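Single-structure report; data block below.
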Amino acid sequence: MGQIIDGKAISAAIKDEVRDKIAQTGDRYGRKPCLCVIIVGENPASQVYVRNKVKAAEYVGMTSLKIALPEDTSEAELLGRIRELNADPGVDGILVQLPLPRHINEEKVIDTISQAKDVDGFHILNVGSLWTGKRCIQPCTPKGILHLIRSTGIDIQGKRAVVVGRSNIVGKPVAKLLLDANATVTIAHSRTPDLAEVTRQADILVVAVGRERMVRGEMIKPGAVVIDVGMNRDAEGKLCGDVDFDSAEKVAGWITPVPGGVGPMTIAMLMQNTLECFFAHNE
Ligand code: NDP
């Protein structure tokens, strides 16, 4: 039976660390770190994510600003708000909750956020810095995944890592972070023939596909570290991952549950990134 990687507990410890650092910083800079979250429209899942981010910011002792804009907000208006926040010395982190309404170009919005306040790590300059090995703000979910893998105590160096999924927000950056940790990395995707043959070679398997319980126990190498990024609703409306937990935990050495695995880590990393931006602004 695989050991459970308890993302909830690990993320709680990280949030407490951030909280302690903020408390210790006290009034040294005359203000607390400030995270601004912008949400456009009424997407119910986005509302929940934003609420959780704001709650976490309050928990760690940051100032949190939530800007809720109506669905029909124009792109120009949104870009204008972002530019104002970029210029505001009291704001350390700016996050625009995705997805945005279809009439707004997400790429343009992300790249309008100042690179130094891009706490999601999605800005083209942060992405470019990540891929060229320069100092950057790392994207929250991939950064959280590396924390979870490290929490097992395994040495990533020299391990075979397989990432299933190649999105810009999860698959590709997590592959780069694993590469930086000296794993031998394979990225699989929807055109990969015989996926099971590839995943069975993985000492570290990260699955970020968005397909309910797609990776089953027989696709996993015995003893592997399995990180399930997926957040799907099954036919009964139950939250489930991309990995079939019941069959996978019998084979894996370590495995993340859904919920309680990667999800809470994303928010903890957002807190860490915002704190890093705050210190960088005050350097
Ligand atoms: P995307 O839809 O952007 O990417 C999915 C990737 O999976 C694509 O690269 C696609 O391949 C690949 N894929 C699709 N079907 C298959 C298949 N049958 N076999 C192999 N690969 C396949 O998703 P995201 O990366 O944005 O998200 C993935 C999952 O992670 C979702 O469930 C999402 O909700 C969740 N998520 C969770 C977060 C968290 O904080 N816990 C944060 C972000 C995402 P191709 O490129 O060839 O189309």
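Observations on the model:
- Within segment 32-45, residues that are closer than 16 Å to GLU84 by Cβ sit with their Cβ atoms under 6 Å from residues that are among the charged types (D, E, K, R) and modelled with pLDDT of 95 or more, at 6+ positions apart or across chains, in these pairs: CYS34/ASP92; VAL37/LYS53; VAL37/LYS66.
- From VAL226, VAL215, VAL207, residue being more than 21 Å from HIS147 (Cα to Cα) and not polar (S, T, N, Q): VAL215
- Selected residue [crowded, with 17+ Cβ neighbours inside 10 Å, within 9 Å of the ligand (Cβ to nearest atom) and assigned to a loop (DSSP other than H, G, I, E, B)] from GLY210, GLY230: GLY230
- Comparison of ALA268, ALA196 shows that the only residue that is surrounded by fewer than 19 Cβ atoms within 10 Å (Cβ to Cβ), aliphatic (A, V, I, L, M) and touching a residue at least 12 places away in the same chain (Cβ under 8 Å) is ALA196.
- Every listed requirement among (1) crowded, with 22+ Cβ neighbours inside 10 Å; (2) within 30 Å of ARG102 (Cβ to Cβ); (3) not basic (Lys, Arg) is met by PRO33 save one, (2).
- Hey, GLU58 in the same structural domain as ASP92 (by TED's automatic domain parsing) and part of a loop (DSSP other than H, G, I, E, B) or not: no
- Checking ARG160, ARG135, ARG166 one by one, the residue that is over 19 Å from GLN97 (Cβ atoms) and not assigned by TED's automatic domain parsing to the domain that holds ILE187 is ARG135 and no other.
- The residues of segment 233-244 that are more than 10 Å from the ligand (Cβ to nearest atom), surrounded by 19 or more Cβ atoms within 10 Å (Cβ to Cβ) and in a loop (DSSP other than H, G, I, E, B) amount to a single one, ASP244.
- If you filter segment 99-123 down to residues that are among the hydrophobic types (A, V, I, L, M, F, W, C) and without any contact (Cβ under 8 Å) to a residue 40 or more places away in the chain, you find that the one that is farthest from SER167 (Cα to Cα) is ILE113.
- Taken over segment 154-195, the residue count meeting the criterion of being more than 12 Å from the ligand (Cβ to nearest atom) and under 22 Å from THR266 (Cβ atoms) is 11.
- Just so you know, in segment 246-266 the residues that are of a type outside the set (A, V, I, L, M) and in contact with a strand residue (DSSP E or B) (Cβ under 7 Å, 6 or more places away or on another chain) include one that is farthest from the ligand (Cβ to nearest atom), and it is GLY253.
- Checking each residue of segment 260-269 against the condition of being part of a loop (DSSP other than H, G, I, E, B) and closer than 20 Å to PRO142 by Cα gives at least one match.
The values are calculated or read from the model by the stated rules, or taken from the named source; none is laboratory data. Treat the numbers as computed from the prediction; the structure is a model and nothing was measured. Please note: Cβ atoms are built from the backbone with ideal geometry, for glycine as well, and neighbour counts cover all protein chains shown.
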